[in-house]
Amino acid sequence: MADIFLSYSSQDRERVRPLVQSLEQQGWSVWWDRRIPPGKTWRQVIQQALDDARCVVVVWSKNSIESDWVITEAEEGQSRGVLIPALIDDVRPPLGLRMIQAARLTDWQGESSHHELESLLDAILAILGEPEPAKETTRQAGQIYEVLVQPPEPAKEEAPQRPQVNEATAPSFEFDVVTLDAQGNVTERRKGRARYFVEDLGNGVKLEMVEIPGGEFTMGSPDTEDRRYDDEGPQHRVKAPPFLMGKYQVTQAQWRAVAGFPKVKIDLKPDPSSFKGDNLPVEQVSWEEAVEFCARLSRSTGKTYRLPSEAEWEYATRAGTTTPFAFGPTITPEIVN
C-alpha cells in the first residue's frame, strides 16, 4: 500500500520522475509505476491503488488535462478530500477540479528549495503526517529481525528558513473572542492571546505574522449547512502542522515595499489598487502576482513565505469552531467591522 497515488499522463513520465524522487526522499511511498500484473485488468489495478492510497497528487499538464483517466483519478481524490494538484504546464485544470489551489511547478528544475515544491510537501504533510521509518527485514543467526530504516537525507541546497517565533522572547497580543447565537446576539465574550513575529520590510513598513498552533480539524461543511457549495464536501479530517499567517490582509504599503525587492519571475506594479491608502488592503492583483510577492519576500529575507493552502486557510479561519462562521451560526456588521 502506497502513501501517495500519483496521477499523471504517461506522456509526462520522465517529467514527473524528479517529483516522485522528491516525495520518496521525504519518506513517503508513491504509486506511479503503472505496470499491470498477469491476470489483472488496468481498471482493477488502478482502483485498488486509489483505494489504498491516503493521498492523491495529480500532475496537470497539456497532456493530462485531456486524459479521461487522469480526470477520473483526480475526481476520486477530490471526492475523498485527499486531492493535491500540481501544475507542470501553464494550463487550466478541467472544470470541476479548479477550486483546489495547485502548486505551480512550471519552472521547477528539481531543486529542493523551490518554494512551490515546499508548499506541495506541506499540503501532503497536512494529510499524511510525518512518514514512518521504513521496516527492513534482516536475518541473523537463524532469526529474523525487523529494523527501522530512516530514508536517506537528500543532498540539498541551503533552503530558506521558515519564519518562526521564539517561545521565550516572542511578543504576544490579546484579542477578543466573541460567540453569537442564531439571532446575532452575543452569548460569550472572552480574551485570547497569540504570539507573533515581525518582518521589517524597510522604511518603517512592518509585516506581522501570527503563530497558528498545529492541530486537527474537520475540513468542509456538512450537507445540511445553509447556502453551502457542492465543492465544500465531503467533510474529512485534516492534520495541520504549526505555521504562521499574516495578522492582516497585505496592505498597499507592504505590497509597495516588496514590489521594490529584486524580481524573481514576473514584474509587479507597485501601486495596483483602485481604493488608495497605505493601510488599506492591496487589491487588483492576480494569483501569479501574489506568488511573485511571496517569492520576492522569501529571497530578500532568507525565510520561506508562500500563500496558505486551502486546508491551512480553513483551519486558521475556523479557529477551533465547527459552525458556519467562527463567531457562530451567523455574523453581524457590528461584529465583523
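Just so it is clear, none of the values below were taken in a lab; they were calculated from the coordinates. Since the model is a prediction, treat every value here as computed from it, not as a measurement. Every residue, glycine as well, gets a Cβ built from its backbone with ideal geometry; the counts of neighbours run over all protein chains shown.
Just one of (i) 1.12; (ii) 1.44; (iii) 0.93 is Cα Rg over 2.2 N^0.38 Å as worked out from the coordinates here. Which one is it?
(i)
Rounded to the nearest 0.05, what FRET efficiency do Asp52 and Trp287 have when you use their Cβ-Cβ distance and R0 = 30 Å?
0.35
Not counting the cut sites, what is the longest span of the chain without chymotrypsin sites (Phe, Trp or Tyr not before Pro) that DSSP labels loop and that have at most 14 other Cβ atoms within 10 Å? Walk me through the numbers before you get to the answer.
Details: sites that count: Tyr229, Tyr248, Phe275.
Maximal segment without exposed cleavage sites: 1-228.
How high is the FRET efficiency from Glu188 to Glu216, r the C-beta distance, R0 35 Å, rounded to 0.05? Provide the component values of the computation, followed by the final result.
Values: r = 24 Å, r/R0 = 0.67.
E between Glu188 and Glu216, to the nearest 0.05, is 0.90.
Quick one: among Leu244, Leu95, Leu307, which has the greatest mean-square fluctuation in a GNM of the chain with alpha-carbon springs under 10 angstrom?
Answer for the Gaussian network model of the chain: Leu95.
In terms of Cα to Cα distance under 17 Å, which aspartates and glutamates are near enough to Lys191, apart from those fewer than 8 places away along the same chain?
Lys191 reaches Glu174, Asp176, Glu211.
So how much slack lies between Glu310 and Glu232, counting 0.36 nm per residue of separation and subtracting their Cα-Cα distance, in nm?
27.0 nm is the gain from fully extending Glu310 to Glu232.
Between Lys206 and Gln44, what is the label-point separation in nm under the 7 Å Cα-to-beta-carbon projection?
6.5 nm
So, in nm, how far is label Asp181 from label Thr106 when the simple model puts each one 7 Å beyond its Cα toward the Cβ?
5.2 nm
Quick check: pseudo-label points 7 Å beyond the Cα along Cα→Cβ at Glu174 and Arg98, how many nm apart are they?
My value for the distance between the label points is 4.7 nm.
Under the rule of -39500 (n - 2.57) per DSSP H run of 4 or more residues, summed and divided by the residues of the chain, what mean residue ellipticity at 222 nm is obtained, to the nearest 500 deg cm²/dmol?
Taking each H run of at least 4 residues, the total per residue is -8000 deg cm²/dmol.
Would you give the gap between the C-alpha center of segment 230-286 and the C-alpha center of segment 1-18, rounded to a whole Å?
After rounding, the separation between the Cα centres reads 31 Å.
Measure up Lys263/Lys303; Lys206/Lys263; Lys239/Lys265; Lys62/Lys269 against 22 Å on the Cα-Cα distance and list the ones that go over. Each step should come with its number before you reach the end.
Working: Lys263/Lys303 16 Å; Lys206/Lys263 20 Å; Lys239/Lys265 32 Å; Lys62/Lys269 30 Å.
Over 22 Å Cα-Cα: Lys239/Lys265; Lys62/Lys269.
Please work out whether segment 4-128 counts as rounded, prolate or oblate from its C-alpha gyration tensor, where a ≥ b ≥ c are the square roots of the eigenvalues and a/c under 1.5 means rounded, while otherwise a/b larger than b/c means prolate and anything else oblate? Don't jump to the answer; show the numbers that get you there.
Numbers: a/c = 1.43, a/b = 1.28, b/c = 1.11.
Cα axes put segment 4-128 in the rounded bin.
Roughly how tilted is helix 287-301, in degrees to the nearest 10 and between 0 and 90, from the longest Cα axis of the chain?
In the chain, helix 287-301 runs at an angle near 90 degrees to the longest axis.
Given a 10 angstrom Cα cut-off, can you work out which residue in Thr224, Thr322, Thr106 is the most mobile in a GNM of the chain?
Thr224
So which trypsin sites (Lys or Arg not before Pro) in segment 276-337 end up in coil per DSSP with only 10 or fewer other C-beta atoms within 10 Å?
On the way: sites: Lys276, Arg296, Arg299, Lys303, Arg306, Arg318; in loops: Lys276, Arg306.
Those satisfying the criteria are Lys276.
Between Arg98, Arg80, Arg195, where does the largest GNM mean-square fluctuation fall for the chain, given springs only between Cα atoms within less than 10 Å?
Evaluated over the chain, the most mobile residue of the options is Arg98.
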